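Have a look at the structure below, then the notes.
The values are calculated or read from the model by the stated rules, or taken from the named source; none is laboratory data. Quick caveat, the model's predicted, so the values are computed rather than measured. Here the Cβ positions follow ideal geometry from the backbone for every residue, glycine too, while neighbour counts run over all protein chains shown. Heads up: the accessible areas ignore ligands, DNA and RNA and are worked out on the full protein's heavy atoms, side chains in. Shrake-Rupley method; radii C 1.70, N 1.55, O 1.52, S 1.80 Å.
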Amino acid sequence: MSLKYIAEQFNVPARRGVRVISHDGPAQRSGTIIGARGALLRVEFEGESESTLVHPRRKLDYLPEEVADAA
């Protein structure tokens, strides 16, 4: 499956380079979408050496591009 499939199926702006914030766990983590694996997003979170697979709609906020560009 691809990022295009995920974007269409889950109605989310899933594209490579989109910034996200995960609310899964005790603290928020921010990261960048770097790809997909099956129906999951591959996200590179700040301060972590390996990417993480994340469900496209589970406790995940997508930042608008203009906000991500300012960061």
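Structure data summary
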{"read-out": "The chain - Rg and Dmax from Cα coordinates, angstrom", "value": "11.2, 31"}
{"read-out": "Label-point separation, E8 to D24 (7 Å along Cα→Cβ), nm", "value": "2.4 nm"}
{"read-out": "The chain - percent of accessible surface contributed by carbon and sulfur, probe 1.4 Å", "value": "47 percent"}
{"read-out": "Surface accessible to a 1.4 Å probe, per residue, for the residues of the chain, Å²", "value": "66 Å²"}
{"read-out": "Nitroxide proxy distance, nm - points 7 Å out along Cα→Cβ at E65 and E48", "value": "2.6 nm"}
{"read-out": "Debye, to nearest 20: dipole size of the chain, +1 on Lys, Arg Cβ, -1 on Asp, Glu Cβ", "value": "320 debye"}
{"read-out": "Distant-in-sequence amide H partners of L63 (H built 1.01 Å from N, under 5 Å)", "value": "R19, V20, I21"}
{"read-out": "Which of G47, S30, A7, positive extreme of dipole for the chain (C-beta unit charges)", "value": "A7"}
{"read-out": "Per DSSP, loop trypsin sites (Lys or Arg not before Pro) in the range 9-71 with at most 16 further Cβ within 10 Å", "value": "R15, R16, R57, R58, K59"}
